[in-house]
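The values are calculated or read from the model by the stated rules, or taken from the named source; none is laboratory data. Model, not experiment: these values are computed from the prediction. We place every Cβ from the backbone using ideal geometry, glycine too, and count neighbours over all the protein chains shown. Just so you know, the surface numbers come from the protein's heavy atoms only, side chains and all, with ligands and any DNA or RNA stripped out. Shrake-Rupley method; radii C 1.70, N 1.55, O 1.52, S 1.80 Å.
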Amino acid sequence: MPSAVEKELLDLERRYWQALQDGDDATALALTDDPCIVSGAQGVGSLDRKTMAGMLKQGRNWKLERFKIEPEDVKVKMIGDDLAVLAYTVHEELTVDGQPVKLQASDASTWVRRDGRWVCALHTEALVGDPFGRDRRETV
């Protein structure tokens, strides 16, 4: 049975996703550490608050329509009282460049408690598929 802190962290992760879906930049920024490290198909980056705010405010070529975090896949590891790692599978439905896209991804976030509130210090996303990339086309 998950602890109260584990439930709180999963709730915060869902709030973050909901903020992205709703275009609620203020909530997304409030849940983001400064800087926040991100890693995914586009590479690795460290985003300070100003950069993150700019990315959220600029016209996006994508919109998150729906998401579902698969509850049976959620894993939480408390590293200390103020540090935790959360990993899960997420189903995403998006509109990208005007076209519908559905995908399944494995995500992980590192949450740190600063001044009594949790913020996301690192987020990663990997598309589900062949671990050797044989189901994807080559990119250069």
Leaving out ligands, DNA and RNA, what percent of the accessible area of the chain is carbon and sulfur, probe 1.4 Å? 54
For ASP24, what accessible surface area do you get with a 1.4 Å probe? Give it in Å², rounded to 10. 60
Per DSSP helix of 4 or more residues, -39500 (n - 2.57); summed, then divided by the residues of the chain. What does that give at 222 nm, rounded to the nearest 500? -7500 deg cm²/dmol
Heavy atoms only, probe 1.4 angstrom, no DNA, RNA or ligands counted: give me ARG134, ARG49 ranked by accessible area, highest first. ARG134, ARG49
The chain accessible area per residue, 1.4 Å probe, protein heavy atoms, integer Å², reads 64
Sequence of MET1, MET52 from largest to smallest accessible area, 1.4 Å probe: MET1, MET52
FRET efficiency for LYS68 and ASP48, using Cβ-Cβ distance with R0 set to 35 Å, rounded to 0.05: 0.70
As an exercise, use a Förster radius of 25 Å and the Cβ-Cβ distance of ASP24 and VAL85 to find the FRET efficiency, rounded to the nearest 0.05. 0.50
Please report the antiparallel percentage of the DSSP beta bridges confined to the chain, to the nearest 5. 90
Are there any GluC sites (Glu not before Pro) in the range 35-140 that are in a DSSP loop and have at most 10 other Cβ atoms within 10 Å? List them by number. GLU138
What do you get for Rg/Rh of the range 23-132 when both radii come from the Cα atoms and Rh is the Kirkwood radius? 0.97
